[in-house]
Each structure stands twice: as structure tokens, then as C-alpha cells.
Amino acid sequence: MKKATFDIEASNYDQHFTDTKIGRIQRNRVWKYMRKLLAGKKQLKILELNCGTGEDAAFFAEKGHMVLATDLSPKMLEVANRKIWNKGLKYNVQTQTLDLRNPKLKRGEMYDVIFSNFGGLNCISKTELDQLSDVLSKHLLPKGSCVFVVMPKNTIVEKWFRKYKNQSDIFHKRNAQIPLKVNVSGELISTYFHSDDDLKSSFYKFQHIVTKPIGFIPSYFEHSNRYFLLNIFDKIATILKFNANTADHYLIHFQKK
Ligand SMILES: C[S@@+](CC[C@H](N)C(=O)[O-])C[C@H]1O[C@@H](n2cnc3c(N)ncnc32)[C@H](O)[C@@H]1O
């Protein structure tokens with residue numbers, strides 16, 4: 001049987017992203033936002049999409065919330081289960097395979113928060129995003145929140161880098177309707193880049209609360225000799241709230257009306 005995408009990456013994902021300097025800086029910014037959003041709320045039901053290795057599921061569970069952590073990749077879920085078990089959070093987290101392109105959730109199962117971190121939504125097309133939004137609206141409680149962290153089309157640092165490398169054609173492909181094939185541990189993953197307007201149009205039934213940049217440096221710059229300068233740029237751009245559509249990832253928050 002063909003492996004799910006990201007199965008090959010699963011055992012190295014934390015080393016390649018979660019535990020890198022850039023990965024930690026960006027995730028801490030997402031957590032800062034979520035801490036404020038969840039402050040003072042008692043045990044919430046959280047549906048996590050594309051949970052990967054369970055880093056965020058553990059974060060929510062440690063705050064006492066109940067999480068259904070889902071992903072397409074059984075190997076990612078294996079790593080997530082191990083992490084949750086090792087941290088003693090098994091009571092708060094259940095895991096389940098779920099494909100964003102055809103999400104099957106139990107009828108009548110309702111959530112306070114639906115969360116997707118670090119580009120899971122970039123694995124599906126705009127049409128699939130529209131369909132996902134329809135399904136999610138049926139499983140979110142009134143005034144419930146959807147928080148997504150997404151890769152936009154016009155990442156400014158990527159643009160500079162591709163220009164410098166004479167590869168501007170690769171950058172322009174981020175704007176095309178056809179997916180860009182991104183190499184993840186030797187596997188070519190179809191990747192769709194979405195502007196915040198794309199997300200707003202897919203989630204038009206929801207109220208848009210905020211869009212904010214989460215970080216400006218793509219993680220492949222982790223070992224670059226330009227990291228120091230890029231890091232300064234990242235801090236300035238984040239503090240001055242540069243356009244989220246030029247970030248590496250941005251956070252978008254919707255609320256059910
Ligand atoms: C870049 S990782 C992000 C993982 C995690 N959310 C995090 O914050 O580290 C993208 C995740 O999306 C999952 N994914 C890719 N396509 C998917 C799909 N069609 N349905 C559900 N999950 C998918 C992958 O298996 C992977 O775990």
C-alpha cells in the first residue's frame with residue numbers, strides 16, 4: 001500500500017522543524033496567541049487538524065483541554081501518541097486519522113475550537129478548502145473559534161532568496177493554481193499557497209477576527225550564514241506587523257457567528 005504523505009518525514013519531523021530555532025520561535029508566537037484566546041476558559045473540546053507529531057495537542061492537553069488530534073499520516077499519529085503517552089496526557093488526547101480532503105467526523109460531534117498549525121491547509125487546494133469550511137461549520141459550536149496557521153503566496157524572504165539564486169520562476173509558481181511540488185524527506189508533496197483573502201472567501205460564513213504574521217524566515221534558513229541578519233529582520237517585521245501575506249506563516253482566526 002502507498003504510504004500517506006509525511007509518513008517518511010514523521011520520525012524526523014521534530015528534528016527538522018519542531019525543535020529548530022525557527023520552529024520554536026514561530027510555534028511560541030502561535031502559543032502566545034492561543035494562550036490569550038483560551039485564558040480563563042474551562043475544559044474546552046478542541047479538534048486539531050493535521051496534528052503532526054502532537055506538539056500542539058500536548059500544549060492544549062497540558063492546559064486541561066480535551067483534544068481530538070487528527071492527521072492523514074498514521075506514522076505522524078504514532079509519533080504523536082508516543083509523545084502524549086510519555087507526557088502522561090493520554091486522558092486528554094485522542095487521535096484519529098482524518099483526511100482534510102474528505103473529513104469524516106462523528107455526526108453531532110461539536111467543538112469549541114478547531115485548530116490547524118503550520119501549513120496543513122497548504123496540503124489542500126482552494127476548492128478543497130471551500131468544502132472543508134462547510135464541514136467544519138457543522139462541527140463548531142456558536143461563537144467557537146477556528147485558528148489556522150498557513151503559508152501565503154508572497155513570502156518576502158523566499159522571494160529575495162529565489163531572486164538571488166536566479167530562480168524567480170520557482171517563486172512565481174507559488175501563485176499558480178497548480179500545486180508546487182515541495183521535497184519533504186525525498187517525497188514530493190503537492191503544496192498550495194493561500195492568501196488570507198483565499199481563506200476569508202472559503203470561510204465566508206464565519207466572522208473574520210484577525211490575520212497576523214507568525215514569522216518571516218522559512219525554516220531552511222536555520223543553518224544559513226545569513227540567519228543572524230534574517231532573525232533581526234524577522235523580529236522587526238513581526239513587531240511592526242508587516243503584511244501577513246509576505247510572511248513565512250500567518251495566523252488567521254475566524255469565529256462562528
Ligand atoms: C507541516 S506538517 C504540520 C504538523 C503540525 N501541525 C505542526 O504544527 O507541527 C503538515 C501535516 O499535515 C498533514 N497532512 C498532509 N496532508 C493532509 C491531509 N490531506 N489531511 C490531513 N492531514 C494532512 C501531514 O501528515 C503533516 O502531519
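The values are calculated or read from the model by the stated rules, or taken from the named source; none is laboratory data. What you are looking at is a predicted structure, and each value in this text was computed from that prediction instead of being measured. We place every Cβ from the backbone using ideal geometry, glycine too, and count neighbours over all the protein chains shown. For the accessible areas, the whole protein counts, side chains as well, though only heavy atoms, and no ligand, DNA or RNA atoms are used. Shrake-Rupley method; radii C 1.70, N 1.55, O 1.52, S 1.80 Å.
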### Query
Which pairs do you get when a residue that is touching a residue at least 40 places away in the same chain (Cβ under 8 Å), found in segment 174-195, comes within reach of a residue that is in a strand (DSSP E or B), reach meaning Cβ atoms under 6 angstrom, with the pair 6+ apart or on two chains?
PRO179/SER190; PRO179/THR191; ILE189/VAL182; THR191/LEU180; THR191/VAL182; HIS194/VAL150
### Query
If you take the residues in segment 69-117 that are among the small types (Gly, Ala, Ser) and surrounded by 14 or more Cβ atoms within 10 Å (Cβ to Cβ), which one is nearest to the ligand (Cβ to nearest atom)?
SER73
### Scope segment 126-157; condition modelled with pLDDT of 95 or more, touching a His at 6+ places or on another chain (Cβ under 8 Å) and in a loop (DSSP other than H, G, I, E, B); matching residues
MET151, PRO152
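Just a yes or no: is a residue in segment 35-48 within 14 Å of the chain's Cα centre (by Cα), more than 10 Å from the ligand (Cβ to nearest atom) and buried (at least 18 other Cβ atoms within 10 Å of the Cβ)?
yes
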### Task
Determine if segment 218-228 includes at least one residue that is within 16 Å of the ligand (Cβ to nearest atom) and more than 18 Å from the chain's Cα centre (by Cα).
yes
### Query
Since PHE203 meets every condition but one in (1) within 21 Å of the chain's Cα centre (by Cα); (2) open to solvent by 40 Å² or more (accessible area, probe 1.4 Å); (3) of a type in the set (Phe, Trp, Tyr), which condition does it not meet?
(2)
